[in-house]
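> Mind having a look at this structure? Questions to follow.
The values are calculated or read from the model by the stated rules, or taken from the named source; none is laboratory data. Note that the structure is predicted; figures quoted are calculated from it, not measured. Cβ: placed from backbone, ideal geometry, glycine included. Neighbour counts: every protein chain shown.
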Amino acid sequence: MTVLGASSSLKILSLRRGSVFKMPLTQKEGVRPKNPGDVDRTKYFVVLGIDDERILVGAVLINSEINKKLFPVIGAYQHRIASSEYSFLGKLESYVDCYSLKEIGYDRILAEARYVGMLNEADLAGIISLAISSPASKKLTLRKYHLL
């Protein structure tokens, strides 16, 4: 694991199930840039688990809207979080997309992400339940992040 100084020590302590971070994500993490020519897209994400070697983090993305084109497939796997509960959302009601887990590099989060908060237990339980029940979730991946 890369040692990145005292502020990284605090980030390491914050990097746990239910913590929310914000950082630019790329197609490598399964995020399509919004505009032509862009190489990344800044997103909020919720940590659901960390692999045993601390190489990858399993996470789900937070979106301000549900993709209307994909709603018939992914709609049932969206968990609404209230802006009144989480100041980092501003005034936007948002949805955690539990349909598919994204894998993000552990060291990349330490180097680039900004910790913004922690989900409450009720929201986290709902999100984990949806992620486990999603048809896109593979048992091997769920076990890798200690969700099963």
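> Pick out the one residue from Ser100, Ser94 that is under 29 Å from Lys144 (Cβ atoms) and either in contact (Cβ under 8 Å) with a residue 60 or more places away in the chain or among the acidic types (Asp, Glu) (or both).
Ser100
> Do we find that Gly75 is modelled with pLDDT of 95 or more and touching a Gly at 6+ places or on another chain (Cβ under 7 Å) in this structure?
No; evaluated as a whole, the condition is false for this residue.
> I'm told Ser64 meets every condition in (1) closer than 19 Å to Lys11 by Cβ; (2) of a type in the set (Gly, Ala, Ser); (3) surrounded by fewer than 21 Cβ atoms within 10 Å (Cβ to Cβ) except one. Can you identify the failing condition by its number?
For Ser64, the exception is condition (1).
> I'm told Asn35 meets every condition in (1) assigned to a helix (DSSP H, G or I); (2) loosely packed, with under 12 Cβ neighbours inside 10 Å; (3) modelled with pLDDT under 95 except one. Can you identify the failing condition by its number?
Here Asn35 clears every test but (1).
> Same structure, new question: For Leu110, are the conditions met, namely being at pLDDT below 95 and either under 20 Å from Leu15 (Cα atoms) or more than 13 Å from the chain's Cα centre (by Cα) (or both)?
Taking the combined requirement at face value, the residue satisfies it.
> Which ones in region 49-72 are assigned to a strand (DSSP E or B), of a type in the set (A, V, I, L, M) and either out of contact with any Asp or Glu (no Cβ under 9 Å at 6 or more places or on another chain) or closer than 23 Å to Ala122 by Cβ (or both)?
Scanning region 49-72 gives Ile50, Val57, Ala59, Val60, Leu61, Ile62.
> Next question, about the same structure. Give the number of residues within region 99-138 that are of a type in the set (Phe, Trp, Tyr) and assigned to a helix (DSSP H, G or I).
Total meeting the criteria: 1.
> Would you be able to say whether some residue in region 56-68 is among the basic types (Lys, Arg), under 25 Å from Ser134 (Cα atoms) and touching a helix residue (DSSP H, G or I) at 6+ places or on another chain (Cβ under 9 Å)?
no
> Would you confirm, using the coordinates I've provided, whether Val46 is part of a strand (DSSP E or B), surrounded by 12 or more Cβ atoms within 10 Å (Cβ to Cβ) and among the β-branched types (Val, Ile, Thr)?
For Val46, the condition - part of a strand (DSSP E or B), surrounded by 12 or more Cβ atoms within 10 Å (Cβ to Cβ) and among the β-branched types (Val, Ile, Thr) - is met.
> Could you tell me which of the residues Leu92, Leu70 is surrounded by fewer than 18 Cβ atoms within 10 Å (Cβ to Cβ), touching a Ser or Thr at 6+ places or on another chain (Cβ under 6 Å) and at negative phi?
Residue meeting the stated conditions: Leu92.
> Residue by residue through region 1-29, note down the ones that are part of a loop (DSSP other than H, G, I, E, B), of a type in the set (Gly, Ala, Ser) and modelled with pLDDT of 90 or more.
The one that is part of a loop (DSSP other than H, G, I, E, B), of a type in the set (Gly, Ala, Ser) and modelled with pLDDT of 90 or more: Gly18.
> Among all residue pairs at least 6 apart or on different chains, which show Cβ distances below 6 Å where the first residue, located in region 26-47, is among the polar types (S, T, N, Q) and the second is assigned to a loop (DSSP other than H, G, I, E, B)?
Thr26/Asp40
> Run Gly75 past the list (1) within 21 Å of Leu25 (Cα to Cα); (2) assigned to a helix (DSSP H, G or I); (3) not basic (Lys, Arg) and report the number of the one that doesn't hold.
(1)
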